[in-house]
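Here is the structure we will look at, set down as C-alpha cells.
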Amino acid sequence: MRKILAIVVFGLLSSQGVCQEDVEKEKVFDVAQIQEPAEYPGGMAAMIQFLSTNLVYPQTCVKDNIQGKVYIEFVVDKDGSVTNIRVKRPIHAELDAEAVRVVSLFPKWKPALNDGKPVKCKYVLPVNFKLGPVTQPTQEKK
C-alpha cells in the first residue's frame, strides 16, 4: 500500500512541475518588464491613423453627447497577434464595444523581446471618443 501512495504523490508532484514550467513559458509581461516593447506595424502614427480610420462613433452616443476614453487591455502574443482584448476602464457599453471591435482588427505587431526572444506582453490603450464642435446652421439674410 505504501508503494502505491508514493507513486501517486510522485505523479502529482511531477505533473505540478510540468504545469509550472508551462506557465513560465506562457508568462505575460507588463511593458515595464521587457527589454524591447512590441510595436504596431508602422509605429504609433500608423496605429493612430488606423484607429481614426476604423472607429465608428455610435449614433446613440453622438445623439446623447457621450464622450471619453475607453481603456482597452490586450496582449501582444509571441507571434505578434493581438489577443485577450478586454475593457479595462469602461465609459459606455456602445463605446466600449466599438473600441474592442477596432482593436480586434489590429494587424499583427512586431512582438516584444526579452533576451532576444519573443515574449507575450500586456498593453493598455486609451481609445479616445471625442465629438467635434456642433455647428449651427447659418440663417440667410433676406
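The values are calculated or read from the model by the stated rules, or taken from the named source; none is laboratory data. Given the structure is predicted, the values throughout are model-derived calculations rather than measurements. Glycine also receives a Cβ, built like all others from the backbone with ideal geometry; neighbour counts cover every protein chain displayed. The protein model used for the area step is the full one, side chains on, heavy atoms only, and it has no ligands, DNA or RNA in it. Shrake-Rupley method; radii C 1.70, N 1.55, O 1.52, S 1.80 Å.
General remarks:
- Some residue of the stretch 103-126 being open to solvent by 40 Å² or more (accessible area, probe 1.4 Å), closer than 30 Å to Lys27 by Cα, free of Cβ contacts under 8 Å to residues at least 40 places away in the same chain and not charged (D, E, K, R): yes
- Contact map, the stretch 41-57: residues that are of a type outside the set (A, V, I, L, M) paired with residues that are in a helix (DSSP H, G or I) and open to solvent by less than 40 Å² (accessible area, probe 1.4 Å), Cβ distance under 6 Å, separation 6+ or inter-chain. Pairs shown: Asn54/Val102.
- Wholly enclosed helices (runs of 4 or more DSSP H) of the stretch 23-142 bearing at least 2 residues in contact with a strand residue (DSSP E or B) (Cβ under 6 Å, 6 or more places away or on another chain): 93-104
- The set of residues from the stretch 64-84 being of a type outside the set (Ser, Thr, Tyr) and in contact with an Asp or Glu (Cβ under 7 Å, 6 or more places away or on another chain) comprises just one member, Val70.
- For the stretch 42-84, a residue qualifies if it is open to solvent by 60 Å² or more (accessible area, probe 1.4 Å), within 17 Å of the chain's Cα centre (by Cα) and farther than 15 Å from Pro126 by Cα, and the qualifying residues are Lys78, Asp79, Asn84.
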